[in-house]
Amino acid sequence: MTPIHTPSNPTPGLNGPTQVIGSPKVAEKPTATADFNAVLRTRLAGREITFSQHAQTRLKSRGIDLSTADLDKIEQATQTAEAKGSRDSLILMNNLGLIVNIKNRTVLTAVDAQNMKDNIFTNIDSTVIVPKE
């Protein structure tokens with residue numbers, strides 16, 4: 001009977017790598033009954049819109065409160081910009097301008113209508129206009 005040589009029992013006199021004999025590992029496949037929506041929700045859970053400290057300060061100092069519906073609209077606008085390949089986008093919504101880094105899903109700054117006058121937005125590659133309902 002020939003002995004099996006493993007890393008803990010190397011073949012005497014061999015200087016090269018040792019081959020380990022055993023069954024190959026097989027990647028587990030998801031079951032056919034996996035709920036697609038549950039998998040999608042899990043993968044998207046960490047992809048919520050966040051607000052930078054700067055954006056939070058701007059919103060607070062300007063007395064801007066965003067509702068859940070507003071946050072949903074921002075999320076939808078971000079998804080639209082992402083689908084078009086945008087990197088940094090200006091989202092115009094309800095007399096409010098938001099600069100959003102699409103990849104990181106982060107609102108970088110917020111400007112209300114009063115402060116938008118005579119301003120130039122730079123370093124953006126797209127604009128998403130959210131229609132009023």
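The values are calculated or read from the model by the stated rules, or taken from the named source; none is laboratory data. Here the structure is a predicted model, which is why all the values come from computation and not from measurement. Note that each Cβ is placed from the backbone with ideal geometry, even for glycine, and that neighbours are counted across all protein chains shown.
Do you know which residues across region 94-128 are among the small types (Gly, Ala, Ser) and part of a strand (DSSP E or B)? Before you say what the answer is, go through the steps one by one.
Applying the first criterion (among the small types (Gly, Ala, Ser)) to region 94-128 yields 97, 110, 113, 126.
Matches in region 94-128: Gly97, Ala110, Ser126.
Restricting the first residue to region 116-133 and requiring it to be free of Cβ contacts under 8 Å to residues at least 40 places away in the same chain, which pairs with a second residue that is among the aliphatic types (A, V, I, L, M) and surrounded by 13 or more Cβ atoms within 10 Å (Cβ to Cβ) meet a Cβ separation below 6 Å and a spacing of at least six or different chains?
As it stands, the answer is Phe121/Leu90; Ile124/Leu90; Thr127/Leu90; Ile129/Leu92, since those pairs meet every condition given.
Hey, any hits in region 50-73 for a residue that's touching a strand residue (DSSP E or B) at 6+ places or on another chain (Cβ under 9 Å), at pLDDT 95 or above and within 15 Å of Ser126 (Cα to Cα)?
No; the residues of region 50-73 include none that is touching a strand residue (DSSP E or B) at 6+ places or on another chain (Cβ under 9 Å), at pLDDT 95 or above and within 15 Å of Ser126 (Cα to Cα).
Looking only at region 6-28, decide whether some residue is at pLDDT 60 or above, hydroxyl-bearing (Ser, Thr, Tyr) and surrounded by 12 or more Cβ atoms within 10 Å (Cβ to Cβ).
Step one: filter region 6-28 for residues at pLDDT 60 or above, giving none.
The answer is no; no qualifying residue exists.
Look at Arg105 and say whether it is on the phi > 0 side of the Ramachandran plot, surrounded by 13 or more Cβ atoms within 10 Å (Cβ to Cβ), at pLDDT 95 or above and of a type outside the set (A, V, I, L, M). I'd like the intermediate steps shown before the answer.
Values: on the phi > 0 side of the Ramachandran plot: yes; surrounded by 13 or more Cβ atoms within 10 Å (Cβ to Cβ): yes; at pLDDT 95 or above: yes; of a type outside the set (A, V, I, L, M): yes.
Yes.
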